Every structure is written in structure tokens, then in C-alpha cells.
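Here is the structure we will look at.
The values are calculated or read from the model by the stated rules, or taken from the named source; none is laboratory data. If you're wondering where the values come from, they're calculated on a predicted model, not measured in any experiment. All Cβ positions, even for glycine, are placed from backbone atoms using ideal geometry, and neighbour counts span all protein chains on display. Just so you know, the surface numbers come from the protein's heavy atoms only, side chains and all, with ligands and any DNA or RNA stripped out. Shrake-Rupley method; radii C 1.70, N 1.55, O 1.52, S 1.80 Å.
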Amino acid sequence: MELEARDCHLKHVCPQLRKISTIDICLNDEIEYLNFVPKQIFYPPSSNIRPHRNAEIKVITTKKSYHNTVKWFPKNKVHPYNFEKIELTENEKSRICHCCAKREINCTQDSEKSTIQTLMVSDYGLAVIESNEKVLELLKETKERFIDFRRFRELKHESFVNLNSIKNIQCWNSKEWKTEVRTEMCENCIKTMEEEIKTFYANFDNNFEHENEEIPKRKNNLKSKLSQKASLLPLNEVLLLNNSLKVDNFLISAINAIDLMPALKDSIISNTGNITHKELTKILQREMKDVQKLRKTIAEYISDFQEDVSAALEKLLAMIDKNSQELLQFTYNSTQQCDCQLLNCSNVEKCVILHLTVAENASKITFKDMLNSWEQIDRGSCVTCNSTKIGKYTVVFGNKQKYFAVEINAWKKTSKGMKQKVVSSDNFNINEQLIFGKLWKLISAIQYNDNIKHYITWKRDDGEKWIIIDDNKKSVKKELYKNLSNYRMLIFERLNVAFIDPENFLASRVEAHQEFIPC
């Protein structure tokens with residue numbers, strides 16, 4: 001269910017509406033605070049978490065103040081939840097409902113309630129749209145209810161709204177942002193939440209390995225150290241990791257993706273970084289057989305939280321050293337044009353994963369079709385000249401880039417619900433695939449089984465065979481599936497060759513001579 005209440009002079013949103021999948025409250029600036037209370041307590045997100053252009057969204061707004069950026073300092077290792085009781089005026093009381101925001105089992109309609117205000121980490125996604133004159137006009141005029149952020153994650157969740165012309169938009173996933181909550185809560189629910197906070201931080205303090213803690217020394221027993229080193233698997237062996245808790249499969253697949261890029265793996269091991277970098281290095285060096293310690297260094301993953309493998313890979317790559325990042329990093333330029341050229345604009349964004357989707361009304365789709373669809377998109381008609389606005393995207397590969405990760409999302413909304421399109425492997429060359437003017441070799445792929453919500457990593461072996469890595473098990477397959485939509489991610493290695501366009505031989509030779517940089 002979705003709620004669209006754009007520019008409706010709202011002054012309050014009932015906290016029980018959090019059950020709705022998407023709530024669009026743009027242009028309702030009189031709603032000063034959000035009043036949704038998270039179902040569980042989370043550790044405050046890192047200050048270096050940057051907004052996305054894509055997220056699983058519940059609340060869409062034009063009010064920036066909902067995203068609280070003030071530093072939240074702990075007291076005695078616990079972040080203070082004040083539950084400050086606010087006295088409302090009679091006018092304010094008449095404008096709000098009096099539903100308890102938490103509504104525990106022992107909470108009744110007659111329970112005594114108070115208006116409380118405190119900082120909380122949110123367990124739902126937020127999209128903040130920058131409101132300028134053009135955006136305000138568009139928000140008031142548009143009746144579309146699905147936003148395509150160009151690089152969305154899981155369209156199946158239907159947590160998106162389509163406002164393609166809105167460019168200045170920032171999104172945060174659940175647990176990646178905090179907000180000042182002002183809402184009604186009964187005394188029983190306040191006490192319950194205070195106990196949940198104490199329990200969370202008690203467990204957190206016992207389990208979390210802080211970055212400034214000294215790494216345990218292993219030099220006391222030289223024989224023990226040497227025997228431990230001798231027992232480690234060689235780095236060229238397949239990385240098999242345990243998933244005993246059944247919640248780590250997405251993170252294991254993201255680590256496998258890194259492990260199957262040899263230059264990236266070697267760079268991470270040889271460089272130093274934060275605590276996440278250190279724990280990742282231990283796994284890549286085969287010193288660890290599970291991801292539990294690594295998981296505890298990432299605030300969003302401390303609980304049993306799971307997400308898409310591409311999101312997990314982006315998080316891990318954001319936490320490693322800059323030199324390693326550059327082995328996967330590229331930029332893409334976006335421009336938008338129409339006949340009157342009043343909408344000319346350009347944007348440059350650094351990425352480590354290219355997110356591909358399928359074009360509307362496409363019957364038979366190939367990998368090349370998805371690349372072409374990404375390069376150019378119809379953004380509707382210009383209100384000034386009535387011509388079609390065309391958005392164009394151009395990839396610029398990095399000078400040090402050796403690998404290229406591509407996410408495939410072939411889900412589309414139909415009259416019968418979400419349906420996954422077939423992406424044919426016709427003309428898909430795993431040995432020399434042309435992508436944006438460069439030749440690449442497919443070295444690994446990550447398969448996703450939607451029925452059981454499970455990832456499997458494919459490693460390119462000698463010849464055409466593939467080693468299948470399923471957590472701590474491995475097997476062999478002879479060839480890839482013909483339908484590429486079975487794979488969530490494809491990972492390519494850059495070939496040390498120059499591509500000469502037969503249709504423009506001279507220009508291609510000049511470009512190859514000037515720009516070709518061996519990897």
C-alpha cells in the first residue's frame with residue numbers, strides 16, 4: 001500500500017501508518033518531526049555514510065531537517081535516548097492523533113501517554129528531494145508514483161517512485177540515518193524501550209571489537225605461530241566461508257567477489273586501513289573461516305540485517321584504502337538535453353558498480369541492449385519547447401582501473417505484478433566482451449536464487465569451466481546459464497588490448513595510441 005499526500009497542508013502523520021510501504025509527504029513543511037519509532041535499537045550510523053541515488057524507501061520528503069546530521073556522542077559508551085517529555089499547547093494537541101507509536105502487547109487505548117522527543121536511528125529508508133522552483137512545479141504536476149533513481153536495487157520491493165526528472169535527490173537506507181522523533185508513547189512502552197536500549201548496548205559492548213583496541217599478540221609462542229601459518233590455505237585456493245547463522249550469505253558473496261579479483265585482493269592485503277579493512281584482510285589471507293568479526297565492524301551489520309550483494313560490496317569497497325578502490329573505480333557523466341537547450345546540465349559521479357536495468361516494453365533483451373538502455377533514457381517532454389528530453393550517460397574508465405563490476409536487474413512491473421525478464425546471452429562473449437569501447441574478460445559472476453533468497457558465486461576456471469562457490473561448499477559447472485538474468489552481478493577483467501572500431505578506423509587508432517593504458 002502507498003500513501004501520496006503531496007502538498008496537502010498536513011500537520012501530522014499517525015505513527016501507525018508506518019505499516020504502509022511508501023509515504024510521499026513532499027511539500028508538507030508544517031510536519032516538523034517524523035514520529036515513527038524503530039522496531040529495534042541500532043547503533044548510530046558512521047558519519048562517513050554518504051547518501052545514495054537509490055535506496056529502499058518508505059518516506060519521501062522535501063524537508064531536509066528530517067535527516068539529523070548532528071554528532072551523537074555516547075555517555076559511558078551508551079548513546080543517550082532522552083525521552084524528553086514535551087508539553088503541547090491545546091492547539092497542538094488538537095492537530096495530532098494520540099496513538100502510541102510503539103504499541104506493545106501491554107499497551108492499551110486507555111494507557112496514559114506522553115509526547116516524547118528523542119534522537120533515534122531509523123529502520124526505514126528516506127528520500128530527500130531538493131526543492132527548487134522546477135522541482136516544486138514537477139512535484140505538483142506529476143501523478144506518477146514510482147521513482148526510478150536510475151541505479152535502483154530491488155524493484156521487486158516496489159518501494160520506489162518514478163520522478164526521473166528530479167536529479168537533486170538523496171537517499172538513505174534503513175539504519176543509515178537518524179532523526180529527531182517527536183511522538184506519543186505510553187509509559188509502559190517507554191519503559192520497554194529503555195530496557196531494549198540497555199540490553200542492546202550491554203550486548204554491543206561485550207561483542208564489538210573497537211577500532212582502538214589492541215590486536216591480540218601472537219608472538220608469545222613462535223612454534224604455535226609457525227604451525228598456524230602452515231595450516232592456512234594458499235591464497236589461490238577457493239575461499240570457502242561458514243554461514244552457520246544463515247544470515248551471512250550476502251556478505252560472503254561480496255567477499256568472494258573481492259577474492260576473485262587477484263590484483264584487488266593483493267592490494268587490500270598489502271595496504272593498511274581501518275578495523276573493517278583489517279578484518280577483511282584476515283579473511284582474504286585465509287586466517288578466518290567466517291565473517292562474524294568483520295560483520296561486527298560495520299554498524300549496519302551488527303544485528304542480523306541482510307541486504308543485496310551489490311550494496312554489501314559497495315560498503316566493503318568504501319572502507320578499504322584508496323589505492324585498492326581505484327582498481328574498480330570509474331566515473332560516469334550524465335547530461336540532459338532538449339531542442340531549446342534550457343535543460344542542459346551535467347553531473348559527474350564516481351562509482352564502483354554499474355547498475356543496469358531493462359528498457360520498457362522490450363521483448364527480447366541482450367546484455368548489449370541493457371548497456372544501450374543505460375546510455376540513453378527518455379525523460380519526458382520539455383514544458384518549454386515540447387520536445388523530448390534526452391538523458392545521456394557516459395562511462396569514463398579510470399586510468400588504474402583493472403576490473404569492472406556490473407549489476408543486472410531485469411525485474412519490471414507488469415499488470416500481473418513484478419516479473420523478471422529474460423536477458424539472452426546472444427553475442428555475449430565471455431573472453432572478449434566490448435563494453436563502452438573497451439574489451440573485457442568475464443572472470444566471475446554472482447548468481448541469485450530469488451525463491452530461496454540465496455547467492456552463489458561462479459569463478460572462471462581453466463578453459464570454459466566454472467567453479468561454483470556456495471558458502472563453504474564448492475562444485476563445478478561446464479558453462480554459464482543462457483539467461484543472464486540468473487546473475488545479479490558480472491565481474492570483468494580489463495584486457496591488455498586496444499579495440500579498433502572498423503567503422504571509424506583512423507579515429508580509433510589515434511584514440512588507442514593516445515589513451516590506451518595497459519593494466
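When you restrict to C-alpha pairs under 8 Å that are six or more residues apart and normalise by the size of region 268-313, the relative contact order lands at 26 percent.
Label separation (Gln117 vs Asp462): 7.0 nm, computed from points 7 Å beyond Cα along the C-beta direction.
Please label the shape of region 254-308 as rounded, prolate or oblate, based on the square roots a ≥ b ≥ c of the eigenvalues of the alpha-carbon gyration tensor (a/c under 1.5 means rounded; beyond that, a/b larger than b/c means prolate, else oblate).
Here region 254-308 falls in the prolate category.
Per 0.36 nm of contour for each residue apart, how much would the distance between Lys19 and Leu434 grow if the chain were fully extended, relative to their Cα-Cα spacing? Roughly 144.8 nm would be gained on extension. For region 401-479, the square roots of the Cα gyration tensor eigenvalues, ordered a ≥ b ≥ c, give a/c of at least 1.5 with a/b no greater than b/c, which places it in the oblate category.
Put a dot 7 Å past the Cα of Leu240, heading toward its Cβ, do the same for Arg50, and the two dots end up 3.9 nm apart.
Summing charges over neighbours of Leu480, with a neighbour being any other residue whose Cβ is under 11 Å away from its Cβ, gives +3 when K and R count +1 and D and E count -1. Ligands, DNA and RNA aside, Glu180 has an accessible area near 50 Å² when probed at 1.4 Å. Near Val309, once Lys and Arg are set to +1 and Asp and Glu to -1 for all other residues with Cβ below 9 Å from its Cβ, the sum equals -2.
Structure note, pairs Lys289/Lys400; Lys113/Lys191; Lys289/Lys482: Cα-Cα distances above 22 angstrom occur for Lys289/Lys400; Lys289/Lys482.
With a sphere of radius 11 Å drawn around the Cβ of Asn256, what net charge do the other residues whose Cβ falls strictly inside it have (Lys, Arg +1; Asp, Glu -1)? Charge balance in the 11 Å sphere: 0.
In order along region 263-280, the phi-based Karplus estimate (6.51 cos²θ - 1.76 cosθ + 1.60, θ = phi - 60°) of 3J(HN,Hα) comes to 5, 5, 4, 4, 5, 4, 5, 7, 9, 10, x, 6, 5, 5, 4, 5, 5, 5 Hz; Gly and Pro are listed as x.
Reported to the nearest whole Å, the Cα centre-to-centre distance from region 248-313 to region 430-497 is 19.
Please work out whether region 371-447 counts as rounded, prolate or oblate from its C-alpha gyration tensor, where a ≥ b ≥ c are the square roots of the eigenvalues and a/c under 1.5 means rounded, while otherwise a/b larger than b/c means prolate and anything else oblate? Cα axes put region 371-447 in the oblate bin. Each residue, Ser65 and Ile269, gets one label point 7 Å from its Cα in the Cβ direction; the gap between the two is 5.3 nm. List, in the order given, every pair from Lys350/Lys459; Lys64/Lys178; Lys368/Lys416; Lys265/Lys402; Lys265/Lys322 whose Cα-Cα distance in the structure shown is over 18 Å. Long pairs (Cα-Cα over 18 Å): Lys350/Lys459; Lys368/Lys416.
For the set Lys63/Lys93; Lys58/Lys438; Lys413/Lys453; Lys63/Lys364; Lys293/Lys473; Lys315/Lys419, the pairs lying more than 31 angstrom apart at their alpha carbons are Lys58/Lys438; Lys63/Lys364. The length gained by stretching the chain between Asn203 and Glu90 to full extension, at 0.36 nm per residue less their Cα-Cα distance, is 36.5 nm.
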